[in-house]
Amino acid sequence: MTHSTYPHLFAPLDLGFTTLKNRVLMGSMHTGLEEAKGGFERLASFYAERARGGCGLIVTGGIAPNRAGRLSPFASKLTNESEAKEHALITQAVHEHEGKIVLQILHAGRYAYHPFGVAPSRIKSPISPFKPWPLTTCGVKRTISHFARCARLAKQAGYDGVEVMGSEGYLITQFLSAKTNKRRDDFGGDYRNRMRFPIEIVKAIRAEVGEDFIIIFRLSLLDCVPFGSSWEEITELALALQEAGVTLLNTGIGWHEARVPTIATMVPRGAFTSVTKKLKQVVKVPVITSNRINAPDQVESLLADETADMVSMARPFLADPDFITKAKSDESERINTCIACNQACLDEIFQGRQATCLVNPQAGYETQKPLIPVKESKDIAIVGAGPAGMSAALYSAKRGHHVTLYESANEIGGQFNLAKQIPGKEEFYETLRYFANELNAAGVKIKLGHRAVVNELLDYDHIVVATGITPRQPAIPGIDLPHVHSYLEVLQGKVAVGKQVVIIGAGGIGFDVATYLCEQSNQSIEEFTTKWGVDLSMQTRGGITGETTFAVPSHEITLCQRKAGKLGKNLGKTTGWIHRAELKHYGVKQVNNIQYDKIDEQGVHVTRDGKAMFIPAESIIICAGQQSLTELVRPLENAGKSVHIIGGAKLAAELDAKRAIAEGLDCALAL
């Protein structure tokens, strides 16, 4: 039966020897569980949850085909039958829920974070500390056989197929590029020789696993690096891969070393999908589009206009394992939308920690943090409806408690209502929509515009204090002058900001305020690609023009920091460089290592390296940290009440929605 709302999304895809039940692929994500103790049992639960949620086809995180191909010294590999037995836990769990899953084979090449990495040539990457060893011709052929062995072991472990990682700047892509491939044997030289490596890999895998096994090749359609492939080369490779026996072609966008944002929240939804549509017109095998796709109506639209045959979403399945089930039940408004923040997933992985999700702290912790119904319902008061309070209220209610949520403002969301004002962070609107719907569905009583007082809280069994923060006011002479404003006043639109602006404080809030003043509108795909010099027509090699075009902002901004280090040092591991680059392009002056002496009507007087400086300003914005709001805590504790403090009220050092929402869950599990 055709689904009335999303007929294309829920149309089966016949691959000849097997059929996928819908057109959604859960894209590859490394979780960190692949290397953890007991990690495969937890991975089995993680993937089973997504299979139960109805995903058409799941791709695992990248698994190396040999030791040299591992991303880090102890990263997961699949090279023998003992390792295959561990993977069988995953495939059995997925198949129990009528799901299908393929294993991604990923060889790091020169991106390896260990001294034994190999590559087509001995050329160091800008994102790894080690220079790789060049593969001999025998070494190349041996590596091809290792890909085939890995695929055979994957089939033995029960996988429905494999995905060959041929994009993002890993080993296969390194063979394809003349910049990273200086070989003089049969795998170097002209493009026909350079593409021999991926073609031989696919042929070897197909010969090893037979015809009734899915082979996805993740093909880089837009390298976003100066030495990337041309469109003629990409189509030549795609056609050769089709001939070699691939089942599906997946879209890869950007090498990891590229200086173009490709998946962060400031990237418009579906920004790169037109490139997949261009490929679909060339090949006969089904193609998959990807990057910044996070809503079922968006998926439906892409499929309906024949951009692709399938749509890949990775992080959206971290945010909500029931994405497909909710869409099928016409409950899309209840989907916990991925906001593409990277804070709890990619930022954690790139620092060697386990991935989870900012908006869904149960992701990756399915076995450790299940919402077990309570044996006895309690009356719970939660004071503050910011990220921590909303989270604690929702999870407590889902467990079976009677929850009342107090909020002094006239809307839920707390600091999220500021975050959604920042250009590039509009996805926070989705998180607020999700919480509003889920709190209502869970039966939480919400009292807006109500500042809770001690006496009305005394009858509750537990009180959760999630009252958040207030901006810190540094002791600078002149800070009370009328042209000095807090970031709250600016982001809430309560004050007019002059042309010359000094921002005091260069943490995350300082960068957000600077971005807000530089760029006060949502970006279309055309505006985004023009700004970052992306050529979606692929008339230029690598899909980049080499020219960035940022609009001239209406403010002259100086961003100031007391510390001597780089401004924005503590911003997200995978997104901080984007924020720094944006402000640089916008001409924002960045000054560090300063002492604030005083503020007067003309600007800010500072001392830097022992020398007095004056920074003229018509408006001065204070982004110098926060203080916790905890005035309710002591009176409640003195009254003998059970009090739990979470979020900014617990720690205000730097606003951290990831920690706040996770603490809300942990608090609910403890009640």
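The values are calculated or read from the model by the stated rules, or taken from the named source; none is laboratory data. Please read all numbers here as calculations on a predicted model, not as lab measurements. Cβ sites come from the backbone with ideal geometry, for glycine too, and all protein chains shown count toward neighbours.
Which pairs do you get when a residue that is outside the structural domain of LEU57 (by TED's automatic domain parsing), found in segment 216-232, comes within reach of a residue that is among the polar types (S, T, N, Q) and at pLDDT 95 or above, reach meaning Cβ atoms under 8 angstrom, with the pair 6+ apart or on two chains?
Cβ pairs passing all conditions: none.
Filter segment 631-644 down to the residues that are surrounded by fewer than 17 Cβ atoms within 10 Å (Cβ to Cβ) and touching a strand residue (DSSP E or B) at 6+ places or on another chain (Cβ under 8 Å) and list them by number. Walk me through how you get there before you give the answer.
Of segment 631-644, the ones surrounded by fewer than 17 Cβ atoms within 10 Å (Cβ to Cβ) are 631, 634-635, 637-640, 642.
Within segment 631-644, GLU637, SER642 meet the criteria.
Does segment 529-539 contain at least one residue that is under 26 Å from the mean Cα position of the chain (by Cα), of a type outside the set (A, V, I, L, M, F, W, C) and closer than 18 Å to ARG580 by Cβ?
Yes, segment 529-539 contains at least one residue that is under 26 Å from the mean Cα position of the chain (by Cα), of a type outside the set (A, V, I, L, M, F, W, C) and closer than 18 Å to ARG580 by Cβ.
Pairs under 8 Å by beta carbon, first residue buried (at least 16 other Cβ atoms within 10 Å of the Cβ) in segment 369-390, partner among the acidic types (Asp, Glu) and not in a loop (DSSP other than H, G, I, E, B), six or more apart or different chains?
What qualifies is LYS369/ASP666; ALA388/GLU663.
Within segment 60-75, is even one residue buried (at least 19 other Cβ atoms within 10 Å of the Cβ), of a type in the set (D, E, K, R) and either at negative phi or in contact with an Asp or Glu (Cβ under 6 Å, 6 or more places away or on another chain) (or both)?
Taking every residue of segment 60-75 in turn, at least one turns out to be buried (at least 19 other Cβ atoms within 10 Å of the Cβ), of a type in the set (D, E, K, R) and either at negative phi or in contact with an Asp or Glu (Cβ under 6 Å, 6 or more places away or on another chain) (or both).
For the list (1) over 22 Å from LYS494 (Cα atoms); (2) part of a loop (DSSP other than H, G, I, E, B), I need the number of the one condition that ILE661 fails.
(2)
If I filter segment 6-26 down to residues being touching a residue at least 40 places away in the same chain (Cβ under 8 Å) and not in a loop (DSSP other than H, G, I, E, B), which single residue comes out as farthest from LYS326 (Cα to Cα)?
LEU13
For (1) outside the structural domain of PHE550 (by TED's automatic domain parsing); (2) surrounded by 19 or more Cβ atoms within 10 Å (Cβ to Cβ); (3) over 27 Å from the mean Cα position of the chain (by Cα), each residue gets a yes or a no:
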residue	(1), (2), (3)
LYS563	no, no, yes
ASN570	no, no, no
ASN593	no, no, yes
ASP600	no, no, yes
THR607	no, no, yes
PHE614	no, no, yes
ALA617	no, yes, yes
ILE646	yes, yes, no
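Output the number of residues of segment 579-632 satisfying the condition of being of a type in the set (Val, Ile, Thr), farther than 18 Å from ASP480 by Cα and assigned to a strand (DSSP E or B).
3
Which residue out of ALA68, ALA51, ALA84, ALA44 is over 23 Å from the mean Cα position of the chain (by Cα), among the small types (Gly, Ala, Ser) and outside any loop (DSSP other than H, G, I, E, B)? Don't jump to the end; show me each part of the working.
Numbers: ALA68 fails: outside any loop (DSSP other than H, G, I, E, B); ALA51 fails: over 23 Å from the mean Cα position of the chain (by Cα); ALA44 fails: over 23 Å from the mean Cα position of the chain (by Cα).
One residue alone meets the criteria, ALA84.
Determine, yes or no, whether ALA363 is farther than 19 Å from GLN298 by Cβ, assigned by TED's automatic domain parsing to the domain that holds PRO73, modelled with pLDDT of 95 or more and among the aliphatic types (A, V, I, L, M).
Values: farther than 19 Å from GLN298 by Cβ: yes; assigned by TED's automatic domain parsing to the domain that holds PRO73: no; modelled with pLDDT of 95 or more: yes; among the aliphatic types (A, V, I, L, M): yes.
So ALA363 does not fit the description; no.
Scan GLN174, GLN92 and give me the residue that is surrounded by fewer than 24 Cβ atoms within 10 Å (Cβ to Cβ), in contact (Cβ under 8 Å) with a residue 12 or more places away in the chain and assigned to a helix (DSSP H, G or I).
On inspection, the qualifying residue turns out to be GLN92.
When the residues of segment 120-171 are filtered to those that are polar (S, T, N, Q) and touching a Ser or Thr at 6+ places or on another chain (Cβ under 7 Å), which remaining residue is surrounded by the most Cβ atoms within 10 Å (Cβ to Cβ)?
For segment 120-171, the residue satisfying everything is SER167.
Right, ALA355: in contact with a strand residue (DSSP E or B) (Cβ under 6 Å, 6 or more places away or on another chain) and on the phi < 0 side of the Ramachandran plot or not?
So ALA355 does not fit the description; no.
Take HIS579 and decide whether it is in contact (Cβ under 8 Å) with a residue 60 or more places away in the chain and assigned by TED's automatic domain parsing to the domain that holds ALA393.
So HIS579 does not fit the description; no.
When you go through (1) closer than 14 Å to SER177 by Cα; (2) out of contact with any strand residue (DSSP E or B) (no Cβ under 8 Å at 6 or more places or on another chain) one by one for LEU237, which number turns out not to apply?
Tallying (1) closer than 14 Å to SER177 by Cα; (2) out of contact with any strand residue (DSSP E or B) (no Cβ under 8 Å at 6 or more places or on another chain), LEU237 fails exactly one: (2).
Under 8 Å between Cβ atoms, which residue pairs at least 6 apart in sequence (or on different chains) link something in segment 471-498 that is on the phi > 0 side of the Ramachandran plot with a partner that is among the hydrophobic types (A, V, I, L, M, F, W, C)?
GLY478/VAL484; GLY478/ILE599
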